[in-house]
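The values are calculated or read from the model by the stated rules, or taken from the named source; none is laboratory data. Computed from a prediction, not measured in an experiment: that's the story for all the values here. A quick note on method: Cβ atoms are made from the backbone with ideal geometry, for glycine too, and the neighbour counts reach across all protein chains shown.
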Amino acid sequence: MQHRPFGSHDFQVSALGFGAMRLPLRSDDQADIDRPQAIRMIRHAIDAGVDYLDTAWPYHGGASEGLCGEALRDGYGERVRVATKLPTWLIGDSNPLVAPFLDEQLQRLGRDHIDVYLLHALQRPFWEITERYELIGQLEDARQAGKIGHIAFSFHGDLPLFREIVDAYEGWAMAQIQYNWANTTVQAGRAGLEYAAAKGLAVVVMEPLLGGELVSPPPSVLAALARITPADQRPVGKALHWLWDQPGVSTVLSGMSTMAQLEENLDHARASRAGCYGDADQDHFQAAAEALVAAYPVRCTKCRYCLPCPQGVNIPRNFELYNDKVAFEGRQDQHNNVMYRLMAEHEKASACVQCGECEARCPQSIEIATIMPQVAESFGG
Ligand code: SF4
Ligand code: SF4
């Protein structure tokens, strides 16, 4: 497994990190983690040289941290750096302290120390919470007490806010950003990556495959990707190598849901190196990015942060079906119409009452309440 510098710190991490946000689900209950398989996958990744595991308080409805704790028993925890995140949005007047969250997370993970502790999903409102409740000072106290190693943040705001946050605190060890060939100017983007790396921060990449959208993109996108060398490499490989091509990237977190996905990503990570794409290839990536924007009407990454909807609408599933219906130009119409009909009535876009409650939680700033009626209309109301 290739290793890469963790910013200006005196250690390296594996090129591929294990993201525990999209763990395998039970075939008989899609709301529940397939625990034996998830544990097998995490341990297999560690055996193959992955030494960075990323989880968070809300992943899998709060079950991800506990699952990771289970997987890290039997000595696996000593072979990996563990990162988890403070649910910044749950801090408020009635809950001003970090310690109760951190202590529960340590217990879920079965550890007395978290290597990298992040303020989760910073956007303007959560950054205001960070300042109002002096969260960084609380994290420094936790570090003094030996409960956490490095202080970091994950980010879903815009570039000016990213720079403001990077500049606000000299002790940041790392910034975790959404970054892939289709998102070079979205959120922190390439400029944010370079800004943080120049200041010695490690940059950890999330959403390298844009919630799966870059795995099997529409034909117009595939045509642009096919011009990139090697021409026969699948889109997953192209997306991952595009990231490892850039020296500022420390590790790439992939949310793997099957053993086959893990094996494929491990193979790519073993072959990773900086400087693998030339200028002509970069032009083809840019053309693919433009084709993707034109093809998909909704930029949903299926992160599920918008859930639960009080009406029970399955927001990401509706957007997934709608995107495919539009992007694949009618070829998947019948399939997607059937899939939509198979959803429970309360899960369908037609159940949305446009309350807008979900929108503040969407890191992609999608106008969910406005788009849902269009989705319902496209599937016949
Ligand atoms: S706007 Fe629609 S989808 Fe969003 S929370 Fe309200 S009812 Fe649910
Ligand atoms: S609508 Fe937004 S919050 Fe919901 S799954 Fe999609 S990207 Fe995530």
Would you please name the residue that is farthest from His156 (Cα to Cα), looking only at residues in region 336-369 that are more than 12 Å from ligand 2 (Cβ to nearest atom) and polar (S, T, N, Q)?
Asn337
Within region 46-65, can one find any residue that is out of contact with any Ser or Thr (no Cβ under 8 Å at 6 or more places or on another chain), among the hydroxyl-bearing types (Ser, Thr, Tyr) and closer than 25 Å to Gly149 by Cβ?
yes
Would you be able to say whether some residue in region 180-203 is out of contact with any helix residue (DSSP H, G or I) (no Cβ under 8 Å at 6 or more places or on another chain), farther than 23 Å from Arg124 by Cβ and of a type outside the set (A, V, I, L, M, F, W, C)?
yes
Region 293-308, subset surrounded by fewer than 21 Cβ atoms within 10 Å (Cβ to Cβ) and more than 8 Å from ligand 2 (Cβ to nearest atom), residue nearest to Met21 (Cα to Cα)
Pro308
Failed criterion for Arg22 (all others in (1) among the basic types (Lys, Arg); (2) over 20 Å from the mean Cα position of the chain (by Cα); (3) buried (at least 17 other Cβ atoms within 10 Å of the Cβ) hold)
(2)
Which members of region 354-368 meet the condition of being under 19 Å from the mean Cα position of the chain (by Cα), in contact (Cβ under 8 Å) with a residue 60 or more places away in the chain and near ligand 1 (Cβ under 6 Å from one of its atoms)?
none
Does Pro230 satisfy the condition of being farther than 23 Å from Ile177 by Cβ and within 16 Å of ligand 2 (Cβ to nearest atom)?
no
For region 89-136, which residues satisfy the criterion of being touching a strand residue (DSSP E or B) at 6+ places or on another chain (Cβ under 8 Å), at pLDDT 95 or above and part of a helix (DSSP H, G or I)?
Phe101, Leu102, Gln105, Leu106, Leu109, Ile129, Thr130, Leu135, Ile136
What are the pairs, 6+ residues apart or on separate chains, where a residue within region 296-310 that is on the phi > 0 side of the Ramachandran plot has its Cβ under 9 Å from a residue that is within 12 Å of ligand 1 (Cβ to nearest atom)?
Lys302/Pro316; Lys302/Arg317; Lys302/Phe319; Arg304/Ile315; Arg304/Pro316
Exactly one of Leu72, Leu25, Leu67 is at pLDDT below 95 and farther than 30 Å from Phe162 by Cβ, and that residue is Leu25
If Ala288 passes every condition in (1) surrounded by fewer than 17 Cβ atoms within 10 Å (Cβ to Cβ); (2) away from ligand 1 (no atom under 16 Å from the Cβ) but one, which one does it miss?
(1)
May I ask you to list the residues in region 312-343 that are exposed (fewer than 15 other Cβ atoms within 10 Å of the Cβ) and either within 14 Å of ligand 1 (Cβ to nearest atom) or among the hydroxyl-bearing types (Ser, Thr, Tyr) (or both)?
Gly312
Members of region 346-361 that are part of a loop (DSSP other than H, G, I, E, B) and surrounded by fewer than 19 Cβ atoms within 10 Å (Cβ to Cβ)
Val353, Gln354, Cys355, Gly356, Glu357
Please verify whether region 51-58 includes one or more residues that are touching a helix residue (DSSP H, G or I) at 6+ places or on another chain (Cβ under 7 Å), in the same structural domain as Asp115 (by TED's automatic domain parsing) and more than 27 Å from Arg361 (Cα to Cα).
yes
